[in-house]
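Asks: This is the structure, below, for whatever I ask next.
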Amino acid sequence: MEDQILRTLDGIAKELNFMKQRMLANEVEEYLTVKEVCERYKWSRTKFNEMKRLNLIPVYKVRGKLLVKVSEINQFIDSMLVAA
């Protein structure tokens with residue numbers, strides 16, 4: 001009985017891992033323009049430019065537009081949080 005339960009749990013774990021991998025493969029990275037970043041995060045353009053100049057946030061130039069990955073902004077914000 002225990003072996004059957006363990007095999008079932010192992011099968012469930014493998015299926016969950018497979019589903020997780022498929023979900024990660026299907027995720028599309030979200031990019032924002034500088035204007036959208038400033039609006040969403042309530043930053044001034046000056047503040048954004050300062051963070052860009054200090055290489056705190058990676059910026060990509062695509063067809064003449066500056067774009068920022070939302071995941072990288074979130075990583076930056078998370079890194080700045082201090083536990084109270």
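Derivation of every value follows stated rules applied to the coordinates shown; laboratory data play no part. Fair warning: this is a prediction, and the values are worked out from it, not measured in the lab. Positions of Cβ are backbone-derived with ideal geometry, glycine not excepted, and every protein chain shown enters the neighbour counts.
Asks: Can you spot the lysines whose alpha carbon is less than 27 Å from residue 47's alpha carbon? Ignore those fewer than 8 places along the same chain.
Replies: Filter leaves 35, 61, 65, 69.
Asks: Where the only charges are on Cβ atoms (+1 Lys, Arg; -1 Asp, Glu), what is the dipole of segment 31-80 about its Cα centre, to the nearest 20 debye? Kindly include the intermediate steps, with their values, before the conclusion.
Replies: Numbers: 11 positive and 5 negative charges, 58 e Å.
It works out to roughly 280 debye.
Asks: Once mean projected area of the Cα convex hull in nm² is worked out from the coordinates, which option in (1) 7.5; (2) 6.1; (3) 9.3 does it equal?
Replies: For mean projected area of the Cα convex hull in nm², the calculated option is (3).
Asks: Does segment 31-80 come out rounded, prolate or oblate by the C-alpha gyration tensor, with a ≥ b ≥ c the root eigenvalues, rounded set by a/c under 1.5 and, if not, prolate when a/b is larger than b/c and oblate if not?
Replies: Numbers: a/c = 1.37, a/b = 1.28, b/c = 1.07.
Because its axes are fairly even, with a/c under 1.5, segment 31-80 counts as rounded.
Asks: Counting only C-alpha contacts under 8 Å and six or more residues apart, can you give the relative contact order of segment 31-80 as a whole percent?
Replies: Details: 42 pairs, mean separation 19.5, N = 50.
Relative contact order for segment 31-80 comes out at 39 percent.
Asks: Taking only C-alpha pairs under 8 Å that are 6+ residues apart, what is the relative contact order of the chain in percent? Spell out each step's value before the answer.
Replies: On the way: 48 pairs, mean separation 22.1, N = 84.
About 26 percent, as a whole number.
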